[in-house]
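Worksheet: the structure to be examined is printed underneath.
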């Protein structure tokens, strides 16, 4: 509030100075004396009128600025809620596949990883869903830490995640998938104080050569199933990329 009063005071002082100069010039040209009464009136009237008006204008402008900032922040939050999973902060299913589709239009190569938390049902059954949510948040952070800046990551199901790696060949994708697996395995997860619980993920991966996303998902899901069958906590990559039809 004091900032508004200070700015209003500066405006009032400026108006007083201008009023005094103009009044003096007019009276001097007319041959009239510039009396103390005239000086006082030229000072008092701006204080009585200009200061309240300036204060009100600055105050309303401050309120408008705050309202616009709050509106902008609310718009950003609303937009984020429409495209991001509220719990993990990752892209939601619809946004992930839409952004993946956009990314694939810009590059000729890439890879899709389908990631599933191992034995997640037992975490929920043993420790409760709130603890399970914390596990998913930790896994989400590990995914972010393991991928590159331009890679896309989303939560597409309960404990299932997807990562799209644009402009990435099979060897690079395999290295990133393994980095994700290791990052999750290293997580410090304590559902009960003093008792660590091991978190792991299984990953199915496929390199893209331009085929439809649905085809990539089917192949990656098949690889994920193989990873589960082979004992979990591993990466299974499609033996070869399917050429575009």
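Where a number appears in this text, it was derived from the coordinates with a stated rule and is not lab data. As the structure is a computational prediction, the values presented were derived from the model and not from experiment. All Cβ positions, glycine included, derive from the backbone under ideal geometry; neighbour counts span all protein chains shown.
Remarks
- Dimensionless Rg ratio for the range 148-209, taking C-alpha atoms and the 2.2 N^0.38 Å reference: 1.32
- In this label model, residue 23 and residue 72 are separated by 4.2 nm, measuring between points 7 Å along each Cα→Cβ vector.
- Diffusion coefficient, µm² s⁻¹, Stokes-Einstein with Kirkwood Rh over alpha-carbon pairs of the range 58-156 at 10 °C and 1.306 mPa s: 97 µm²/s
- P(r) of the range 160-245 over all Cα-Cα pairs, binned every 10 Å from zero, in whole percent: 17, 45, 25, 9, 3, 0
- Short-range pairs are left out: with C-alpha atoms under 8 Å and at least six residues apart, the relative contact order of the chain is 18 percent.
- Taking the range 93-237 and dividing mean pair separation by its residue count, relative contact order in percent (alpha carbons under 8 Å, at least six apart): 31 percent
- Every helix of 4 or more DSSP H residues in the chain counts as -39500 (n - 2.57), and over all residues that averages to -21000 deg cm²/dmol at 222 nm.
- Long-range Cα-Cα pairs in the range 7-51 (distance over 13 Å), rounded percent: 52 percent
- Across the chain the C-alpha pair distances fall into 5 Å bins from zero in the proportions 1, 6, 10, 12, 11, 8, 6, 5, 4, 3, 4, 4, 4, 4, 4, 4, 3, 3, 2, 1, 0, 0 percent.
- Relative to the compact-globule estimate of 2.2 N^0.38 Å, the Cα radius of gyration of the range 2-83 comes out at 1.82.
- Part-to-part distance (alpha-carbon centres) for the range 134-153 and the range 170-206, which is given in Å: 10 Å
- The range 2-83: relative contact order as a whole-number percent, Cα under 8 Å and 6+ apart: 42 percent
- Computed across the range 93-237, the Kirkwood hydrodynamic radius from all distinct Cα-Cα pairs reaches 15.3 Å.
- DSSP beta bridges in the range 93-237 [antiparallel fraction, %, rounded to 5]: 85 percent
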